[in-house]
Amino acid sequence: MMEALQYEFMRNALLAGFLVSIACGVIGALVVVNRIVFISGGIAHAAYGGIGLGYYFGFNPVWGAVAFSIASALGMGAVQRRTRQRADTLIGVMWAVGMALGIVLLDLTPGYKADLMSYLFGSILTVPREELLLMLGLDLAIVAVVALFYKEFLAISFDEAFAEVENVPVEALWMALLCLIALTVVVMMRVVGLILVIALLTIPAAIAGQFARDLKRMMALGSGLGVLFTTLGLWASYAFNLTSGATIILVAAAGFAVATALRRVLSR
Amino acid sequence: MMQEGRATGPREVISVRGLWAGYDGEIVLQDVNLLVQEGDFVGLIGPNGGGKTTFLKVLLGLHPPLRGEVRILGMGVKEGRRYVGYVPQVAEFDREFPIQVWDVVRMGRLGHRRLLRRFTREDDEVVAELLREVGMWEHRDRPFGELSGGQRQRVYIARALAQEPKILFLDEPLASVDPEMRTNIYDLLQRLNERITILMVTHDLGAISSYVKTVGCLNRRLIYHASKEITAEMLEEGYACPVDLIAHGLPHRVFAPHGEEGR
């Protein structure tokens with residue numbers, strides 16, 4: 001690993017893993033305690049529609065992903081809040097339509113689409129420098145919004161009805177949270193890929209939730225675990241020549257198994 | 001309405017007129033009327049599905065009524081609920097949620113600290129004082145999910161009090177509380193009632209007989225006479241009130257004095 005660090009792409013990859021871990025620790029905690037893993041999966045997959053838009057109209061697909069995932073977050077959020085029945089069905093439909101739209105737009109785009117797979121499965125080793133800056137910017141935005149509205153996010157997550165009675169703007173905050181998830185998806189896309197985003201969003205947070213005493217610590221611990229998993233996964237993928245995103249996820253899953261076992265032993 | 005109340009002494013803190021509410025076309029509350037005087041301790045009984053929780057939700061502005069008017073301290077619910085402390089059922093809670101007792105109670109200060117404002121030292125003082133008042137100070141750093149039902153209930157009461165309310169709404173406050181803790185909580189409520197009007201929805205008829213000042217029976221319709229007596233009418237509405245009422249023969253007290261010694 002040490003000799004690998006002399007390569008710029010390896011240093012960038014570690015940095016990317018670090019940036020991703022912050023977003024996934026902070027937002028992952030909110031996703032897990034609010035039990036909105038499904039809708040987060042929907043937002044992640046629908047983002048592929050934005051990649052397709054970017055290719056078709058010839059702009060940076062990352063911006064397409066930002067726009068599309070925010071739009072789908074708002075759409076899915078509205079469905080979840082407003083319809084009483086079968087919200088999950090409708091979210092599932094939007095999830096699939098977003099992906100399908102991306103695939104069709106890519107079909108319609110002539111030419112060779114070199115880094116297409118990297119959006120789906122991630123390629124932490126080829127993250128360019130300017131994209132690191134974008135990830136840093138999104139990270140800062142995510143952390144700033146959560147920090148500014150932390151007491152409200154805690155309240156709507158813990159007891160929404162009570163927050164409403166206190167005249168906290170529950171609806172607006174809820175939509176804001178879904179938009180933050182959308183941004184997190186974009187940050188993570190390059191590292192583990194859209195398909196595996198949901199794993200990195202939930203696994204570190206779920207482990208942290210077993211040990212943390214409050215939401216803040218759950219966020220911090222989740223971020224720390226994210227750094228650990230991405231670094232270990234990166235090393236393993238380098239050492240054994242494996243796909244980085246998938247390796248990171250498997251390392252995280254192994255961590256989850258170990259933590260769950262540890263928790264059982266501790267609580268005995 | 002408020003004027004009427006003032007003219008005759010104690011003021012009305014809650015006034016509900018001709019209220020209808022329901023879900024998806026199904027009527028749950030039908031023409032409900034209720035006037036609650038300041039300082040009262042109202043117990044609402046009624047069967048499951050009789051609309052007790054829906055009624056509280058409408059009073060709190062969490063569920064829109066189909067028809068009718070609700071005023072709290074003479075204001076609409078969204079304004080008026082700033083003066084209401086709300087104690088939900090403890091059962092509706094995710095035990096895994098990572099939060100400590102202190103932070104749960106401090107949530108009651110949200111109405112005083114708007115967006116982008118931090119909690120202040122004053123908030124911390126209020127929280128500390130209330131944790132002592134409900135006897136949960138030693139547990140302030142414990143995870144909320146580890147507490148017993150009765151302890152959680154007291155934390156919820158402290159949270160509601162942190163709102164510095166004039167009225168307290170409690171939804172089945174003893175649903176998951178062990179018997180010895182019940183007396184404890186009722187004594188607390190009775191103490192609080194010296195300064196706060198209380199509206200409680202409950203199954204616990206023992207409590208109705210010995211703690212509350214006025215009783216109502218809610219089963220789609222509300223029967224309420226601002227008295228402590230469980231009337232023949234309530235019993236005749238029959239299905240309305242649980243059978244143990246008749247079986248145990250509650251000590252029927254005579255009408256509680258209206259408005260409790262005019263405060």
task: Could you grab the relative contact order for chain A? Cα pairs under 8 Å, six or more apart, rounded to a whole percent.
output: 31 percent
- prompt: In a shell of Cβ-Cβ distance under 11 Å around B:L44, excluding B:L44 itself, what net charge do Lys and Arg (+1) and Asp and Glu (-1) give?
  reply: -1
message: So if I take the alpha carbon set of segment A:134-243, get Rg, then get Rh from the Kirkwood formula, what is the Rg over Rh ratio?
response: 1.03
- request: About the Cα centre of segment A:48-156, how large is the charge dipole given +1 on each Lys and Arg Cβ and -1 on each Asp and Glu Cβ? Please answer in debye to the nearest 20.
  value: 460 debye
task: Quickly work out the B:E69-to-B:W20 label distance, labels modelled 7 Å from Cα along the C-beta direction, and quote it in nm with one decimal.
output: 1.7 nm
- request: Give me the lysines in straight-line cross-link reach of B:K57: C-alpha distance below 26 Å, same-chain residues under 8 apart excluded.
  value: A:K151, B:K78, B:K166, B:K213, B:K228
statement: For B:E92, placing the label point 7 angstrom along Cα-to-beta-carbon and taking segment B:150-172, residues whose amide nitrogen sits under 11 Å are B:171-172
- prompt: Remind me, relative contact order of segment A:17-99 in percent, using alpha carbon pairs under 8 angstrom and six or more residues apart?
  reply: 32 percent
message: Among A:F59, B:T120, A:M175, whose Cα projects farthest towards the positive end of the dipole of the protein assembly as shown, with charges put on the beta-carbon of Lys, Arg (+1) and Asp, Glu (-1)?
response: A:F59
query: What share of all Cα pairs of segment A:141-195, in percent, falls into each consecutive 10 Å distance bin?
result: 23, 44, 24, 8, 0
- request: Give me the distance between the Cα centres of segment B:106-123 and segment A:54-115, rounded to whole Å.
  value: 39 Å
query: Quick one: putting +1 on the C-beta of Lys and Arg, -1 on the C-beta of Asp and Glu, what dipole do you get for segment A:137-268 around its Cα centre, in Debye to the nearest 20?
result: 720 debye
message: Nearest 5 percent is fine: what portion of the DSSP beta bridges confined to segment B:111-243 is antiparallel?
response: 45 percent
- prompt: If you average over every viewing direction, what projected area does the convex hull of the Cα atoms of segment A:1-144 give, in nm²?
  reply: 10.1 nm²
- request: Grab the beta carbon distance between A:E160 and A:R86, set R0 = 30 Å, and tell me the FRET efficiency rounded to 0.05.
  value: 0.90
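For segment B:86-126, take the convex hull of the Cα atoms, compute a quarter of its surface area, and give me that in nm², please. Before the final figure, lay out each step's value.
Numbers: hull surface 14.9 nm².
Taking the Cα atoms of segment B:86-126, their convex hull projects to 3.7 nm² on average.
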Inter-probe distance in nm under a simple model that places probes 7 Å from Cα toward Cβ, at A:A144 and A:F240: 4.1 nm
query: In Å and whole numbers, how far do the C-alpha atoms of segment A:95-143 stretch along each principal axis, longest first?
result: 35, 25, 17
- prompt: Classify segment B:19-93: rounded, prolate or oblate, from the alpha-carbon gyration tensor (a ≥ b ≥ c, eigenvalue square roots; a/c under 1.5 rounded; otherwise prolate if a/b is larger than b/c)?
  reply: rounded
task: With springs only between Cα atoms under 10 Å apart, run a GNM on chain A and tell me which of A:V31, A:V185, A:V143 wobbles the most.
output: A:V143
- prompt: Can you give the Kirkwood hydrodynamic radius for segment A:77-206, in Å, rounded to one decimal and based on Cα pairs?
  reply: 17.1 Å
message: Could you tell me the extents of segment B:145-232's C-alpha atoms along the three principal axes, largest first, rounded to whole Å?
response: 43, 27, 24
- request: Using only Cα atoms, figure out Rg for segment B:48-153 and give it as a multiple of 2.2 N^0.38 Å.
  value: 1.25
- prompt: Highest mean first, what order results for B:211-224, B:107-120, A:168-181 on Cβ atoms within 10 Å?
  reply: B:211-224, A:168-181, B:107-120
- request: Calculate the all-directions average of the projected area of chain A's alpha-carbon convex hull, and give it in nm².
  value: 15.3 nm²
message: Treating only the Cβ of Lys, Arg, Asp and Glu as charged (+1, +1, -1, -1), what charge dipole size does segment A:1-90 show about its Cα centre? Round to the nearest 20 debye.
response: 580 debye
task: Quick one: divide the alpha-carbon radius of gyration of the protein assembly as shown by 2.2 N^0.38 Å and tell me what you get.
output: 1.15
message: Within segment A:153-185, name every residue whose backbone N is under 14 Å away from a label modeled 7 Å from Cα of B:R114 along the Cβ vector.
response: A:167-169
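As a check on your grasp of the helix formula, calculate [θ] at 222 nm for chain A: sum -39500 (n - 2.57) over DSSP H runs of n ≥ 4, divide by the residue count, round to the nearest 500.
About -28000 deg cm²/dmol.
The numbers here are math on the coordinates, done by the rules we state, and not lab data. Since we're looking at a predicted model, the values are computed, not measured. For neighbour counting, all protein chains shown are included, and Cβ atoms are generated from backbone atoms with ideal geometry for every residue, glycine included.
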